[in-house]
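Notes follow the structure.
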Amino acid sequence: MNYSRAGRLIKRPALFLSLFFLFPASSFPIAPEAELKRLELIKLVSEKELWKEPDWTRLLYYEKNIFGRFRGTSVKGEFYLSKWGKINPKLELEAVVNGFFFEGPADDGPQCRFPQRTSWLRENLSLGPSEFPVPFCPSFEEWRKIFDVESVSLLFAAGYLNNPSTLYGHTFLRLHTKGSAGADLLDYTVNYAANAGDDGGIFFALKGLVGAYPGQFSTMPYYLKIQEYHNLENRDLWEFPLNLKREEIDRLMRHAWELGKAAFPYRFFTRNCSWQLLPLLDISKPELDLSSKFHFQVIPSDTAKAIISASEKAEPVWRPSLWKTVEWKRARLSPEEREYVRELACSDQPKTLEKVSSLGAERKAAVLETAVDYLSWRFYARKIDKEELDKKTDPLLAERASLGPRNTFSGKPAQPPSITEAHESGRLGLGLVSLKNGPAYEIQWRFALQDILDDPTGYLPDAALEMASLRFRYEQRYNRLYLNEGKLAHVLSLNPWDDWVRRQSWEISAGIEQAAETGRRSGSSAVWAMSGATGFAAETFYKSRQLWYLMAEADCDLGSPLEPNWRVGAGFKAGVISEKAPFRFLGEARYISYGFGDTDPLWAVKAAASFRLSGNNSLRLEHSRRGETKETGIYFHHFMFPF
């Protein structure tokens with residue numbers, strides 16, 4: 001810009017007044033020379049239309065509404081410098097320009113509050129430090145020095161079925177502190193989570209669906225996350241190194257500092273813990289462009305796979321849950337030694353210690369170490385309190401210390417397949433069904449994630465987690481298309497009985513199904529069905545593994561096919577699952593006696609077999625009977641990345 005020309009403009013009051021409203025002055029006093037430079041920069045920004053750049057709208061988390069206008073998604077006003085910055089990317093960018101001329105305490109200035117925005121603007125306007133010195137930001141530098149990040153990893157915590165917010169797993173970042181190799185507990189994490197207060201149950205689920213909770217970023221020591229996931233919730237942790245260069249790490253840290261002033265509506269299926277990591281990584285390394293790949297639904301396992309595939313391949317690091325470590329050690333003890341461990345943890349400890357003294361030093365040490373780990377698990381599982389934990393572990397630790405160094409356990413638990421080896425989360429299905437009245441054709445779509453016959457590689461074993469599963473059926477004879485099944489949710493957790501753990505098996509389900517036992521024409525017996533079951537499971541091994549289960553079930557159905565439009569009852573279901581890769585088999589029987597409403601009982605049986613063709617393709621054969629209605633079907637399933 002020509003400075004003499006700018007001077008002539010200022011001498012013209014009317015024109016200068018119009019410039020004042022077009023380019024609002026900063027809220028702090030600026031010297032005349034600086035004001036000229038500010039106007040020059042704003043003009044340059046206007047000419048380049050930098051506020052339209054995707055990198056800028058991503059930095060401010062702008063999204064277009066149905067009218068095509070940008071709106072920031074942060075619900076905290078302090079994330080925006082301009083009064084109108086939430087709805088006007090241009091004014092927000094001009095406010096960052098104004099920040100170059102702030103003359104107050106550095107920590108209060110825009111350059112220190114939003115270092116990545118300022119850095120991005122400097123880069124795009126080619127502003128060198130000689131022309132606009134980079135201020136020293138005491139608070140930001142002190143914060144960054146705490147972490148002293150050398151590298152970054154993605155962490156994936158396996159799903160946890162007992163907590164609705166963690167059904168699909170959880171992703172967060174690990175910041176490796178310089179010089180912390182071999183000292184994992186010195187590192188930190190970057191985590192995004194809903195601030196739900198003390199809410200729980202159905203209200204927690206409903207508010208999480210509609211984005212009623214603010215989600216916020218936080219940093220915390222890595223050892224606290226290990227305690228939360230690895231110990232308290234008994235979840236495996238997977239770590240995947242990310243190939244971020246020095247400047248990319250610096251961008252990530254600058255933007256993470258900015259996010260401390262932001263809060264976003266937390267939505268379980270879209271804007272959740274996993275999605276919010278994507279813009280952060282995109283800003284640190286723009287060529288990743290991860291956030292543009294996810295639209296309708298976001299599942300942690302999907303985002304983890306997307307992030308990992310965009311990084312250089314590196315071997316993941318697996319940290320087994322505390323229980324898996326106990327289980328692995330237990331398997332290496334004799335039956336007598338296992339009983340000693342259980343007695344040391346749950347019975348008369350002094351008397352059992354006398355028995356253990358008869359063992360050799362190596363075996364005695366192995367028993368004591370396993371007992372300490374088992375007691376720790378019982379504490380984190382809330383089966384004993386801290387006082388009892390200390391009372392029981394202190395004598396064991398003292399006895400173990402008296403034995404000196406011993407080679408008790410060599411090796412470690414076998415590493416299971418990681419999430420990168422799992423099938424995709426969405427599933428498309430095509431089927432041919434044989435009915436009493438002729439053939440029918442089915443098309444299926446399931447948004448997520450896994451039923452009990454799907455290949456469990458990379459997912460939770462002996463579990464089903466289905467959300468929004470639809471099955472449309474067309475009957476050729478009647479030329480009719482109808483919804484045969486529409487599951488809103490189905491969760492099944494089969495836990496083989498273990499006297500050390502004593503976990504029950506359970507199941508919940510809600511959705512639309514065809515109550516064929518009512519005798520109505522196929523497709524005309526749809527009811528809204530809700531059920532819950534609890535019971536026990538046990539495993540046997542005869543040529544392959546079999547998992548048997550028996551559960552008591554409560555059921556409530558609503559719909560016009562019933563007389564009088566509803567029924568409530570209870571009963572049982574029993575079944576067996578057998579697996580011998582690549583085959584999986586299921587046999588199940590179910591009986592419900594309805595004591596209220598429509599009192600006709602329900603008998604149903606089902607037999608099914610699944611064959612894995614490849615990682616994302618499978619064939620399934622099913623035969624079922626419900627009441628007097630029988631059907632046999634063959635289905636092709638293709639797993640795919642969700643849209």
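Per the Debye formula on identical point scatterers at the alpha carbon atoms of the range 448-569, with no solvent, log10 I(q)/I(0) at q = 0.18, 0.20 Å⁻¹ is -1.03, -1.14. Farthest toward the positive end of the dipole of the range 422-640, out of 601, 582, 564, is the Cα of 582, where the dipole comes from beta carbon charges about the Cα centre.
Looking at the range 322-402 from every direction and averaging, what is the projected area of its Cα convex hull in nm²? All intermediate terms of the calculation are to be shown ahead of the outcome.
Numbers: hull surface 19.2 nm².
In nm², the orientation-averaged hull projection of the range 322-402 is 4.8.
The convex hull of the Cα atoms of the range 422-640, projected and averaged over all directions, covers 11.7 nm².
Bridgeable lysines around residue 383 (alpha carbons under 30 Å apart, same-chain partners fewer than 8 residues away excluded): 225, 324, 329, 351, 355, 364, 391, 392, 412, 573.
Taking the range 108-181, which GluC sites (Glu not before Pro) meet the DSSP loop condition and have no more than 13 other C-beta atoms within 10 Å?
In loop regions of the range 108-181 (DSSP not H, G, I, E or B), the sparsely surrounded GluC sites (Glu not before Pro) are 131.
Measuring from each cysteine beta-carbon in the chain, the ones with no other cysteine beta-carbon under 4.7 angstrom are 273, 346, 556.
I'd like the chymotrypsin sites (Phe, Trp or Tyr not before Pro) in the range 350-432 restricted to DSSP loop residues with at most 15 other Cβ atoms within 10 Å, sorted by number.
Details: sites: 374, 377, 379, 380, 409; in loops: 409.
In loop regions of the range 350-432 (DSSP not H, G, I, E or B), the sparsely surrounded chymotrypsin sites (Phe, Trp or Tyr not before Pro) are 409.
Projecting the Cα atoms of 56, 194, 360 onto the charge dipole of the chain, computed from C-beta unit charges around the Cα centre, puts 56 farthest toward the positive end.
Under a point-charge model restricted to the Cβ atoms of Lys and Arg (+1) and Asp and Glu (-1), what is the dipole moment magnitude of the chain relative to its Cα centre, in debye to the nearest 20? Walk me through the numbers before you get to the answer.
Numbers: 83 positive and 81 negative charges, 261 e Å.
For the chain, the charge dipole is close to 1260 debye.
The magnitude of the dipole of the range 144-319, with charges of +1 and -1 set on the Cβ of Lys/Arg and Asp/Glu and taken from the Cα centre, is near 280 debye. Treating each Cα of the chain as one equal point scatterer and applying the Debye formula with no solvent, the log10 of I(q)/I(0) at q = 0.09 Å⁻¹ comes out as -0.90. Between the range 525-542 and the range 365-440, the C-alpha centres lie 24 angstrom from each other. The phi torsions of the range 58-67, fed into the Karplus equation with coefficients 6.51, -1.76 and 1.60 and a -60° offset, translate into couplings of 6, 4, 9, 6, 7, 9, 7, 8, 5, 9 Hz, rounded to whole numbers, with Gly and Pro shown as x. Above 13 Å lies some portion of the pair distances; for the range 276-350, what is it as a whole percent of all C-alpha pairs? It works out to 76 percent of all Cα pairs. Extent of the range 144-319 along its three principal axes (Cα atoms, max minus min coordinate, largest first): 45, 34, 30 Å.
Please work out how much length the chain gains when fully extended from residue 87 to residue 436, using 0.36 nm per residue of separation minus the C-alpha to C-alpha distance, in nm with one decimal. Could the numbers behind the result be given before it?
Working: separation 349, 0.36 × 349 = 125.64 nm, distance 6.04 nm.
Separation in residues times 0.36 nm, less the Cα-Cα distance, equals 119.6 nm.
Centre-to-centre separation between the Cα atoms of the range 593-619 and those of the range 332-364: 46 Å.
The numbers here are math on the coordinates, done by the rules we state, and not lab data. The model shown is predicted, which means the values in this text are computed figures rather than measured ones. When we count neighbours, we look across all protein chains shown, and the Cβ atoms used for this are built from the backbone with ideal geometry, even at glycine.
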